[in-house]
């Protein structure tokens with residue numbers, strides 16, 4: 001197994017849990033937080049390094065080992081701080097894997113276009129709630145940095161039960177990449193027949209989302 005050197009910026013509930021999990025998996029982890037008391041959230045058996053400072057301060061980053069890091073997660077409670085930290089890690093230190101936590105959903109799209117992967121906390125929470133309130137609703141699970149390709153999750157409508165699911169791919173602008181059935185996940189084979197309770201994970205061109213939704217609602221062309 002490949003172990004990484006990871007810098008986590010922000011030692012709140014998310015950062016401390018992330019650092020603890022990464023460390024227990026054998027990774028070399030350093031955590032930066034401006035408040036020394038925040039570092040007390042780390043588990044008693046946590047064996048990484050704690051640095052008091054700001055994530056966008058190069059002295060703090062270098063003390064945490066950013067120069068040789070494989071990854072950095074900026075998960076403070078400030079969008080601007082997280083993005084600035086992520087950009088410094090990516091552009092100055094050429095860290096390969098960088099992610100920033102973002103609270104404002106509209107900003108997330110802008111930053112993804114700058115090549116900075118983001119996790120939009122509010123958007124993720126809303127999506128999780130909507131999945132449970134409206135299981136028949138199409139929900140975006142992932143979007144490419146340009147936003148041109150997305151992966152959506154969608155329950156199989158009753159009109160597709162008993163019919164070949166690959167007929168949804170007939171336009172060439174959508175592809176079923178995975179299917180969840182009876183608590184298990186699988187990569188669908190050609191000719192797979194839809195069953196009640198199936199959940200599809202579909203890669204689709206963003207401009208074709210409307211066509212995909214129409215196809216799901218209209219049912220199989222038989």
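Taking R0 as 25 Å, what's the FRET efficiency between residue 161 and residue 139 from their Cβ-Cβ distance, rounded to 0.05? It comes to 0.80. Taking 23, 144, 159 in turn, the Gaussian network model of the chain (Cα-Cα springs below 10 Å) assigns the largest fluctuation to 159. For residue 35 and residue 151, what does the FRET efficiency come to when R0 = 30 Å and r is the distance between their Cβ atoms, rounded to the nearest 0.05? It comes out at approximately 0.20.
The alpha carbons of region 5-124 give a radius of gyration and a Dmax of 13.1, 39 Å, in that order. Distance distribution P(r), region 134-218, all Cα-Cα pairs, bin width 5 angstrom from 0: 3, 15, 29, 29, 17, 6, 1, 0 percent. Please determine, in degrees from 0 to 90 and to the nearest 10, the orientation of helix 121-133 with respect to the longest principal axis defined by the Cα atoms of the chain, where the helix direction is its Cα long axis. Between the helix axis and the principal axis of the chain, the angle is about 30 degrees.
For a quick check, take a GNM of the chain with Cα springs below 10 Å and name the residue from 187, 83, 202 with the largest mean-square fluctuation. Looking only at 187, 83, 202, the largest GNM fluctuation is found for 187. Pairs of C-alpha atoms in the chain farther apart than 20 Å represent 64 percent of all such pairs. Between residue 195 and residue 58, the modelled labels are 5.8 nm apart [label points 7 Å from Cα along Cα→Cβ]. Taking every DSSP bridge with both residues inside the chain, close to 50 percent are antiparallel.
Rounded to 0.05, the FRET efficiency of the residue 17 and residue 104 pair, given R0 = 25 Å and the Cβ-Cβ distance, is 0.65.
Relative to the current alpha-carbon distance between residue 175 and residue 67, full extension at 0.36 nm per residue lengthens the span by 34.9 nm.
Secondary-structure-derived ellipticity at 222 nm for the chain, considering helices only, amounts to -8000 deg cm²/dmol, per-run term -39500 (n - 2.57) for DSSP H runs with n ≥ 4. Compute a Gaussian network model of the chain, connecting alpha carbons closer than 10 Å, and tell me which residue from 212, 84, 192 fluctuates the most. Answer for the Gaussian network model of the chain: 192.
As a rough footprinting exposure proxy, the listed residues 3, 56 were ranked by other beta carbons within 10 Å of their own, and the order from fewest upward is 3, 56.
Any read-out appearing in this document is the output of simple, stated calculations on the displayed coordinates, not a laboratory observation. Note that the structure is predicted; figures quoted are calculated from it, not measured. Neighbour counts are summed over all protein chains in view; Cβ atoms, including those assigned to glycine, are modelled from backbone coordinates with ideal geometry.
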